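Accompanying notes for the structure given below.
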Amino acid sequence: MIGIIVATHGEMSNGIVSAADLIIGSTENIKTLNLFQEDNVQDLNGKFLKAIKAVDQNDGVIIFVDLAGASLYNQAVLAVNSLTAEQQKKVHVIAGVNLPMFIDAINQQMIGSSIQDAVASVINEAQRGIVTWSAEYSDQDDQDDEEEEF
């Protein structure tokens with residue numbers, strides 16, 4: 001089973017897991033890490049290594065973080081780089097976590113996808129899950145629909 005770690009500034013990671021539990025039901029093999037103002041960033045490396053060890057069942061691990069290039073991302077990458085070469089191949093750090101991609105990761109975990117297929121699916125779902133709506137565009141779409149009716 002793929003392991004999943006969600007690491008965010010504040011308690012966002014707990015919220016994402018809570019929302020997924022509400023939508024999917026109970027989730028398994030997931031750990032959260034939260035970074036608060038008073039935390040020492042240098043402690044994150046050990047926390048990531050501990051979380052990886054806790055969820056790694058030899059099927060791979062996805063580490064979600066909220067911001068690319070921020071402390072959590074950088075420390076996750078450093079932690080992965082300290083693993084053996086074989087372990088590194090199975091651990092993926094993905095920045096920009098959102099609920100659709102997180103739910104997809106759980107679905108991939110539940111159906112037993114390979115880590116490579118799961119990561120590809122998660123990235124695809126992240127991109128598909130971002131949409132926009134505007135009354136301006138909605139009004140134009142409504143006008144186009146009305147013109148097509150004639």
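Any read-out appearing in this document is the output of simple, stated calculations on the displayed coordinates, not a laboratory observation. Since the structure is predicted, the reported quantities are computational estimates derived from the model, not experimental observations. Virtual Cβ from ideal backbone geometry, glycine too; neighbours counted across all protein chains shown.
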When percent of Cα pairs over 27 Å apart is calculated directly from the model, which label among (i) 19; (ii) 24; (iii) 29 fits? (iii)
For segment 50-65, take each phi angle, set θ = phi - 60°, evaluate the Karplus expression 6.51 cos²θ - 1.76 cosθ + 1.60, and give the result in whole Hz per residue in order, putting x for glycine and proline. 5, 5, 4, 4, 5, 9, 6, 10, 6, 9, x, 9, 10, 10, 8, 10
To the nearest 10 degrees, how steeply does helix 99-111 sit against the main Cα axis of the chain, on a 0 to 90 scale? 60 degrees
On a 0 to 90° scale, report how tilted helix 115-128 is relative to the longest principal axis of the chain, with both axes built from alpha carbons and the result rounded to the nearest 10. 40 degrees
Arrange the following residues from fewest to most other Cβ atoms within 10 Å of their Cβ: HIS92, HIS9. HIS9, HIS92
Using the Karplus curve 6.51 cos²θ - 1.76 cosθ + 1.60 with θ = phi - 60°, work out ³J(HN,Hα) for each residue of segment 87-98 in order, rounded to whole Hz, and write x for Gly and Pro. 5, 4, 5, 9, 10, 10, 9, 10, 9, x, 3, 9
Relative to the first principal axis of the alpha-carbon coordinates of the chain, what is the inclination of helix 135-148, with its axis defined by its Cα atoms, in degrees from 0 to 90 and to the nearest 10? 50 degrees
So for the chain, averaging the separation of alpha carbon pairs under 8 Å that are six or more residues apart and normalising by length, what relative contact order in percent results? 26 percent
